[in-house]
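Let me begin by presenting the structure, written as structure tokens, before commenting on it.
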Amino acid sequence: ICTRGAAKSFLVALGALCEFDLKPYSEIVITSSTVPQAAKLVEKKIRDEIIKKLSPYLLYKYEHEYITITKSSTSDGGAYIVENKLNGSTIIVVPCLDSSRGTRSTFNIYEEARLLKKSIIDSVFEPMGHCRPAKYLLLKEYQTQRWLEKARSVYITSARFKYEWFWRKYKDVVTNYYT
């Protein structure tokens with residue numbers, strides 16, 4: 001939870017790219033109340049700022065089409081799909097709607113989470129989560145609970161009012177961490 005100008009979207013975009021590039025077969029899902037809002041994370045932060053301006057390594061991969069960014073049809077609201085051709089990871093932008101069922105993810109990002117419906121997050125997006133299907137998990141010595149990576153979720157939001165569902169969720173997480 002931060003106010004404007006605290007670089008929360010940039011930091012989450014950077015975290016998504018780290019997951020995307022370093023962990024093969026990662027499935028990252030970005031959602032917000034509208035697809036254009038979530039698409040800004042891909043357009044402005046991931047593509048224009050991090051890939052094109054800040055990272056020569058990612059720029060090389062982007063220019064040689066090892067990383068591709070495609071915009072889907074306007075019927076989907078112009079959502080984005082970012083693919084890493086070298087390791088099989090993807091970043092997908094989907095709207096926070098009941099119709100988003102069926103997508104799988106190892107890492108969920110909720111853009112401006114306080115505006116999203118808690119019921120949709122709990123019934124559609126959290127069940128999307130599954131363990132990352134890494135190839136090393138097929139080896140017998142790694143087939144234990146110790147090596148399974150749980151799906152993760154990141155909530156980004158601006159500071160607003162204490163009566164909103166997100167503030168209660170934040171308090172519960174902090175309380176559980178310290179107890």
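Would you point out the residue of the stretch 2-15, among those that are farther than 15 Å from D48 by Cβ and under 11 Å from the mean Cα position of the chain (by Cα), that is surrounded by the fewest Cβ atoms within 10 Å (Cβ to Cβ)? Per the stated criteria, the residue is G15. Residue under question is D76, and the condition is that it be modelled with pLDDT under 90, open to solvent by 20 Å² or more (accessible area, probe 1.4 Å) and closer than 30 Å to K171 by Cα; does it hold? No; evaluated as a whole, the condition is false for this residue.
Restricting attention to the stretch 126-179, the residues that are aliphatic (A, V, I, L, M), outside any loop (DSSP other than H, G, I, E, B) and more than 25 Å from L115 (Cα to Cα) add up to 2. Evaluate the stretch 30-39: report whether one residue or more is modelled with pLDDT of 80 or more, within 25 Å of K135 (Cα to Cα) and assigned to a strand (DSSP E or B). The answer is yes, given that some residue of the stretch 30-39 is modelled with pLDDT of 80 or more, within 25 Å of K135 (Cα to Cα) and assigned to a strand (DSSP E or B).
Of T68, T103, all but one fail to be surrounded by fewer than 18 Cβ atoms within 10 Å (Cβ to Cβ), assigned to a strand (DSSP E or B) and of a type outside the set (F, W, Y); the exception is T68. L138 meets all of the listed conditions (1) touching a strand residue (DSSP E or B) at 6+ places or on another chain (Cβ under 8 Å); (2) over 23 Å from E43 (Cβ atoms); (3) of a type outside the set (S, T, Y) but one, namely (1).
Within the stretch 106-122, the set of residues being part of a helix (DSSP H, G or I) and in contact (Cβ under 8 Å) with a residue 24 or more places away in the chain comprises A113, R114, L115, K118, I120, I121. Restricted to the stretch 79-100, and to residues there that are open to solvent by 40 Å² or more (accessible area, probe 1.4 Å) and of a type in the set (V, I, T), the residue that is farthest from the chain's Cα centre (by Cα) is I81. The condition of being modelled with pLDDT under 85 and in contact with a strand residue (DSSP E or B) (Cβ under 9 Å, 6 or more places away or on another chain) holds for only one of S105, S158, that being S158.
When the criteria are applied in full, V35 meets the requirement of being farther than 30 Å from L148 by Cα and crowded, with 16+ Cβ neighbours inside 10 Å. Would you be able to tell me the number of residues in the stretch 116-161 that are farther than 26 Å from C18 by Cβ and surrounded by 10 or more Cβ atoms within 10 Å (Cβ to Cβ)? Final tally of qualifying residues: 8. In the condition set (1) at pLDDT 90 or above; (2) crowded, with 17+ Cβ neighbours inside 10 Å, A113 is compliant with all but (1). Of the residues making up the stretch 45-55, not a single one is out of contact with any Asp or Glu (no Cβ under 8 Å at 6 or more places or on another chain) and part of a strand (DSSP E or B). Taking I28 as the residue in question, decide whether it is crowded, with 17+ Cβ neighbours inside 10 Å, closer than 26 Å to L97 by Cβ and without any contact (Cβ under 8 Å) to a residue 60 or more places away in the chain. Here the answer is no, as I28 does not meet what is asked. Only a single item in (1) at pLDDT 90 or above; (2) assigned to a loop (DSSP other than H, G, I, E, B) is not met by E83, and it is number (2).
The values are calculated or read from the model by the stated rules, or taken from the named source; none is laboratory data. Worth saying up front: this structure is predicted, and the values here are computed from it rather than measured. Here Cβ is always computed from backbone atoms with ideal geometry, including for glycine, and neighbour counts include all displayed protein chains. Remember, those area values only see protein heavy atoms, side chains included, never the ligands or the DNA or RNA. Shrake-Rupley method; radii C 1.70, N 1.55, O 1.52, S 1.80 Å.
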